[in-house]
There are 2 protein chains.
Amino acid sequence: MKPYSEMSREELLSLKAELDKQFEDVKGKGLKLDMSRGKPTPAQLDMTMGIMDVLNSESDMNTENGMDTRNYGLMDGIPEVKRLMGDMMGGVPSENVIVYGNASLSIMYDTVSRAVTHGVLGSTPWCKLEHVKFLCPAPGYDRHFAITELFGIEMITIPMTSDGPDMDLVEKYVSEDSAVKGIWCVPKYSNPQGISYSDETVRRFAALKPAAEDFRIYWDNAYAVHHLYDDEQDEILEILSECEKAGNPDLVYEFVSTSKVSFSGAGISAFASSKANVEEAKKFMTIQTIGHDKVNQLRHARYFKDMNGLMEHMKKHAAIMRPKFEAVLQVLDRELGGLGIGQWTRPRGGYFISYDALEGCAKKIVAKCKEAGVVLTGAGATFPYGIDPKDSNIRIAPTYPTSEEMAAATDLFVLCVKLVSVEKLLEA
Amino acid sequence: MKPYSEMSREELLSLKAELDKQFEDVKGKGLKLDMSRGKPTPAQLDMTMGIMDVLNSESDMNTENGMDTRNYGLMDGIPEVKRLMGDMMGGVPSENVIVYGNASLSIMYDTVSRAVTHGVLGSTPWCKLEHVKFLCPAPGYDRHFAITELFGIEMITIPMTSDGPDMDLVEKYVSEDSAVKGIWCVPKYSNPQGISYSDETVRRFAALKPAAEDFRIYWDNAYAVHHLYDDEQDEILEILSECEKAGNPDLVYEFVSTSKVSFSGAGISAFASSKANVEEAKKFMTIQTIGHDKVNQLRHARYFKDMNGLMEHMKKHAAIMRPKFEAVLQVLDRELGGLGIGQWTRPRGGYFISYDALEGCAKKIVAKCKEAGVVLTGAGATFPYGIDPKDSNIRIAPTYPTSEEMAAATDLFVLCVKLVSVEKLLEA
């Protein structure tokens, strides 16, 4: 088919009539599918059930250094899991790692909240400042933006490139504005585009010269080991050691979790940073908690054993997820290729495919899909304040439904894209 | 023996010589015991190991309402655990309960932190106020005081009576000073005295007329089911319904956990409050976390089944703990009875025995014990800012060592009490 933009008004009108009819047909099917969140599918969870057997009433419940995981103590995590989580982050030494509970989002919230109430390494608490700003590469992760919005932090959108955030802009803001206290990053298989930061991008991050002493990079390495393919895999530079090399050891807070490795509802998470930042976090932990669930930490350590075990496990996840991503991409390629009504990403890992529709069309496409029973992430969610200035980006989360459901849902999606695009062109 | 205060200087000097000799003998034994924290002993943890078998790789991982505990969702807890935790709190309806992670201390920290950054139900965030004060019944729990101190909240000591905090003082402060935003309470088997609040005390709490709209009672029901005896048990009124009856539904935040029911390192915790307070907490949770560990919640629900199961389990804890409490009390009675150099509590539950030495002696007694190898909770820890104005209160935590170790440690303790008391009387 030829690009929509080259069609005559008559062609568009006749196309619209045909698409309207198709839409009514699909609507009649009564689809009920959810592609809104990056959620593992039951088959992935079933595949991990072996973890439920590694500990039983006969098990030795002590850590490798002889501490009882059932009792109080070892607030910063058991040694075998500190090592495993450090390895997941690309080889961060254990002493730079703190293990937390089941959600890295909580660590991020907590880290921001602590900066608001107590500052960062002795700097002024943000609640005492007039202006606090965060840079938000977008499209990005809605829950990051929700945290900064909750604390009244002004969010500045930074465009994404295929190498990561626009670093010229990042450097400019960070070095010139002392109100800029942080930047949200998903450096590997980014949410939602699946972009991995280039080595140059990581090095430029590590070499930032912030105007604010309490500026930190909030490095959410959520998809650190979440490859879709055995052969084509993205790797990023390990940021902590890059920061150290650049003479900026305290510049980054890194977050990671097993939410999409073991169980989303019952995994473990970790924080990594410089000695000074880790010590500060621990100082607060002694007041904030009696420590996190060490039995679940032990369960994870015994199940995965080491990075080899963990990576073997991730291959099984990939085997379940890959066909779904490919089902979506196949339909997008076949149905939308060459029409000039959008662009999409082909991630090699992570949990999302990102679709950029014609300007002003994202909200309508999402609404249209919903009308016929397919729930997508709300349009705009991938931008600060939920406002996509171009109303163009749509996040597709292909993991939860089955491949067949994904194909059906994507058929509907492309139909809605076509329909809304035709309508836009007719209005022009 | 006659009371020390009736002894002549010569008698005291000769007693001191004898005690000094005894102390050197004990020191030679090289004791190494820890009575500093309320920590379950390994036998208690072993006794709970059945909980490790209730879930395995063949288990149905769904909640009673068909939700998969392994995946995202059900942020406020699974229904069977909301019910169980509500029952633990004396019959709080599930809709008033939110289940959290493994530490109720984290919920308390979080609740205070949220009030600091965002206020309470729309009131001014505490970080914007000049003065914020908390009432602190003392002796009390050091970790409560650590939270309020961390946030720069001024702490006002409220003396404890055998019925709970001095309610005349509480009512006066709460009704007259709008800077008073909260009070820390351990209403049942209080830490460290083992006092349970009388019905009148609870009713007076529920009927408070705070000057501050954002005043809340921080009701840490830490020992809700932690009886030492089958027959003699304390019960307290259920505070939420009392508050509602008194027309003060939003007045209380209640906290509870299974840290001393299942595992200290891997239990579950809960928060209970009015509809409005619970809704506010949930609103923040949607930003703060993806939810807590539901698999561990399910494990607890399947293991304890209901309150009957849980109370049967608590009897087993009591059977292990009771002899230790009795060993301590026996030594105290036998060695210190009638000497007029201190008073102690005889709790019917909880984790502590509280000893009030002669004024100005607590620090020296604790130091003396440490010199001979027995670690007690630091003197002063049971008061705000770690300062006991009378330097008198000592918290004894008898649970972790064995009964034999407890007897040995208590022998040393009474020796140190005698020695320091004699020295004080000689100085007078």
(message) As an exercise: evaluate B:M7 against (1) within 14 Å of chain A (Cβ to nearest Cβ); (2) under 25 Å from B:D333 (Cβ atoms) and give the number of the one condition it does not meet.
(response) (1)
(message) Taking the criterion of being of a type in the set (A, V, I, L, M, F, W, C) and at pLDDT 95 or above, would at least one residue in the stretch B:60-68 satisfy it?
(response) yes
(request) Quick one: in the stretch A:222-258, of everything that is among the polar types (S, T, N, Q) and open to solvent by 10 Å² or more (accessible area, probe 1.4 Å), which residue is nearest to the other protein chains (Cβ to nearest Cβ)? (result) A:S257
(message) Being open to solvent by less than 10 Å² (accessible area, probe 1.4 Å), under 15 Å from A:S36 (Cα atoms) and more than 20 Å from the chain's Cα centre (by Cα) is the filter here; which residues of the stretch A:391-415 pass it?
(response) A:M406, A:A409, A:T410, A:L412, A:F413
(message) If a residue must be closer than 17 Å to B:A397 by Cα and either in contact with a His (Cβ under 6 Å, 6 or more places away or on another chain) or crowded, with 19+ Cβ neighbours inside 10 Å (or both), how many such residues does the stretch B:332-343 contain?
(response) 1
(request) Could you list all residues from the stretch A:276-298 that are more than 25 Å from the chain's Cα centre (by Cα) and closer than 30 Å to A:H227 by Cα? (result) A:K294, A:V295, A:L298
(message) Suppose we filter the stretch A:41-60 for residues that are in a helix (DSSP H, G or I), more than 7 Å from chain B (Cβ to nearest Cβ) and touching a residue at least 60 places away in the same chain (Cβ under 8 Å); how many remain?
(response) 4
(request) Select from the stretch B:172-195 the residues that are part of a helix (DSSP H, G or I) and open to solvent by 10 Å² or more (accessible area, probe 1.4 Å) and list them in ascending order. (result) B:K172, B:Y173, B:S175, B:E176
(message) Please go through the stretch B:282-319 and give me each residue that is within 14 Å of chain A (Cβ to nearest Cβ), surrounded by fewer than 18 Cβ atoms within 10 Å (Cβ to Cβ) and closer than 23 Å to B:D60 by Cβ, ordered by number.
(response) B:R302
(message) From the list A:G86, A:G77, exactly one residue is assigned to a loop (DSSP other than H, G, I, E, B), touching a residue at least 60 places away in the same chain (Cβ under 8 Å) and touching a strand residue (DSSP E or B) at 6+ places or on another chain (Cβ under 6 Å). Which is it?
(response) A:G77
(message) Suppose we filter B:P93, B:P125, B:P79, B:P139 for residues that are of a type outside the set (G, A, S) and crowded, with 24+ Cβ neighbours inside 10 Å; which single one remains?
(response) B:P139
(request) Please work out if A:A362 is open to solvent by 10 Å² or more (accessible area, probe 1.4 Å) and either of a type outside the set (V, I, T) or at pLDDT below 95 (or both). (result) no
(request) Those residues that are over 15 Å from A:Y253 (Cα atoms), within 12 Å of chain B (Cβ to nearest Cβ) and touching a residue at least 40 places away in the same chain (Cβ under 8 Å), I need them from the stretch A:99-123; list them, please. (result) A:G101, A:N102, A:A103, A:H118
(request) With the condition kept exactly as written, say whether any residue in the stretch A:78-88 is within 11 Å of chain B (Cβ to nearest Cβ) and at pLDDT 95 or above. (result) yes
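Somewhere in the stretch B:62-72, is a residue open to solvent by less than 40 Å² (accessible area, probe 1.4 Å), more than 9 Å from every other protein chain (Cβ to nearest Cβ) and in contact (Cβ under 8 Å) with a residue 40 or more places away in the chain? Give the steps one after another, and end with the answer.
Initially, the stretch B:62-72 is screened for residues open to solvent by less than 40 Å² (accessible area, probe 1.4 Å), giving B:63, B:68-71.
Of the ones still in play, those that are also more than 9 Å from every other protein chain (Cβ to nearest Cβ) are B:63.
This time we only want the ones that are in contact (Cβ under 8 Å) with a residue 40 or more places away in the chain, so: B:63.
Yes, some residue in the stretch B:62-72 is open to solvent by less than 40 Å² (accessible area, probe 1.4 Å), more than 9 Å from every other protein chain (Cβ to nearest Cβ) and in contact (Cβ under 8 Å) with a residue 40 or more places away in the chain.
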(request) For the stretch A:108-118, state whether one or more residues are over 16 Å from the mean Cα position of the chain (by Cα) and over 26 Å from B:G119 (Cβ atoms). (result) no
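Would you call A:P249 in contact with a Cys (Cβ under 8 Å, 6 or more places away or on another chain), at pLDDT 95 or above and not in a strand (DSSP E or B)?
Yes, satisfied.
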(request) Go through the stretch B:142-171 and give me each residue that's open to solvent by less than 10 Å² (accessible area, probe 1.4 Å), closer than 23 Å to A:Q288 by Cβ and of a type outside the set (S, T, N, Q). (result) B:H144, B:F145, B:I147, B:I153
(message) Here is a check on your reading of the model: is A:R37 within 13 Å of chain B (Cβ to nearest Cβ), charged (D, E, K, R) and within 30 Å of A:M321 (Cβ to Cβ)?
(response) yes
(message) I need the full set of residues from the stretch A:265-286 which are part of a loop (DSSP other than H, G, I, E, B) and hydrophobic (A, V, I, L, M, F, W, C), in order please.
(response) A:A266, A:I268
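The values are calculated or read from the model by the stated rules, or taken from the named source; none is laboratory data. Keep in mind that this is a model prediction, so the values were computed, not measured. Don't worry about glycine lacking a Cβ; one is built from the backbone with ideal geometry, like all the others, and counts go over all protein chains shown. For the accessible areas, the whole protein counts, side chains as well, though only heavy atoms, and no ligand, DNA or RNA atoms are used. Shrake-Rupley method; radii C 1.70, N 1.55, O 1.52, S 1.80 Å.
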